[in-house]
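The values are calculated or read from the model by the stated rules, or taken from the named source; none is laboratory data. Not measured: the values here are computed from a predicted model. Every residue, glycine among them, receives a Cβ derived from its backbone with ideal geometry; neighbour counts consider all protein chains shown. All accessible areas refer to the heavy atoms of the entire protein, side chains included, with ligands and DNA or RNA removed. Shrake-Rupley method; radii C 1.70, N 1.55, O 1.52, S 1.80 Å.
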Amino acid sequence: KQWYQRRVRGLLLFVTLFFTIPYFFLYCKAFKNRFLFSGVINYPSKQDKFLGDPSKFGLEQTSNHVLQVDECSGTKKRSGKLGVWVIEPVKDGPGRDVLILYCHGASSNRGKPHRIEFYKVFQGLGYTLVTFDYRGFGDSKGCRASDGTVVADCRQVLGWAVQRFPNHQVVVWGHSLGSGISTKFLHSIQTDGIESFNRIRGLVLESAFMSAEEAAKNFPAAKYWNYFKITRDRIPRSMSGIFPTVSLLPQLQIPVMLVHAEDDHTIPHQHSVELHRVCTGAGKTDVHLYSASSGQHRFVHRDTGAREAAHKFIQRVKFVS
């Protein structure tokens, strides 16, 4: 009898959670942010305490920096710090006068293995890279991440980077969630007339999505909620208006390259195809799409063609003023 009662209680709890979770997304901003910025869920990570020493991640010519953040938003004042790595070239190469500002995706920190792989590829081509964790990720502290704080963090790091490297041209690279963050960040400094925008020569979006709302439709559990009318599309609707890349990207006054693997099942390749179609349809001629045959969601840099296409794009746009 006790076994039967436990099973019934467990089933009732599961059913209750199944039907209420979509409404938490819709009406609870904190819950939604926890999902969207899933790095917060993954922490504390055992890696975090080592981020101050990049050599523990196998990186050469890399220094760690801590930037103080003092952001005012309305009547609220958010203070904190940002953990930043500066990865300088191990040898001279064609990328010696270009700085890549890397905006990572939703999970974990700047020291994830697939990100280390990416850094080493472009470090080997002579590029300088600046990579960092948004507040709430890794060793960056001060507040929980939101669509507003991550943009503020990007602005802070860019301002610091262009002062540290006054003779470098800047290309921003956004991966996955970082594609939405980087697009919104660049659109904001372009709209506000921030001087550092003049140093941006291009934007590379890897495994990009059209919007957070469209990306949420590919969330694995979404198909189960869609069986029921009362929960159908509740999670995508809760993301409405967050990182609307498809509407912001055509407005950017810089060249853009989209790189996406055809075997990406996390954010389907069709997202980048549609972004390219919308941009060209809006009259933006300086947008390019490279479809990699492999690489899935995190390893497009392993595709030789994608790597070469991105490198050629950066070399071409660094002369654009």
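For the reader, a short list of remarks on this structure follows.
- Wholly enclosed strands (runs of 3 or more DSSP E) of region 48-154 bearing at least 3 residues within 18 Å of the chain's Cα centre (by Cα): 76-87, 98-103, 128-132
- Scanning region 164-181 for residues that are open to solvent by less than 20 Å² (accessible area, probe 1.4 Å), more than 16 Å from VAL259 (Cβ to Cβ) and in a helix (DSSP H, G or I) returns a single hit, ILE181.
- SER247 being part of a helix (DSSP H, G or I), at pLDDT 95 or above, surrounded by fewer than 16 Cβ atoms within 10 Å (Cβ to Cβ) and under 19 Å from the mean Cα position of the chain (by Cα): yes
- Those residues of region 112-133 which are in contact with a helix residue (DSSP H, G or I) (Cβ under 7 Å, 6 or more places away or on another chain) and modelled with pLDDT under 95, in sequence order: LEU125
- Counted residues, region 182-232 - those being aliphatic (A, V, I, L, M), closer than 22 Å to HIS260 by Cα and modelled with pLDDT under 95: 3
- Scan of region 255-282 for residues that are open to solvent by less than 50 Å² (accessible area, probe 1.4 Å), part of a loop (DSSP other than H, G, I, E, B) and either of a type in the set (A, V, I, L, M, F, W, C) or in contact (Cβ under 8 Å) with a residue 40 or more places away in the chain (or both), ordered by number: PRO255, ASP264, ILE267, PRO268
- Verdict on ALA161 being of a type in the set (A, V, I, L, M, F, W, C) and either over 23 Å from ARG316 (Cβ atoms) or open to solvent by 30 Å² or more (accessible area, probe 1.4 Å) (or both): no
- One residue from PHE118, PHE122, PHE137 being farther than 16 Å from HIS301 by Cα, crowded, with 20+ Cβ neighbours inside 10 Å and touching a residue at least 24 places away in the same chain (Cβ under 8 Å): PHE137
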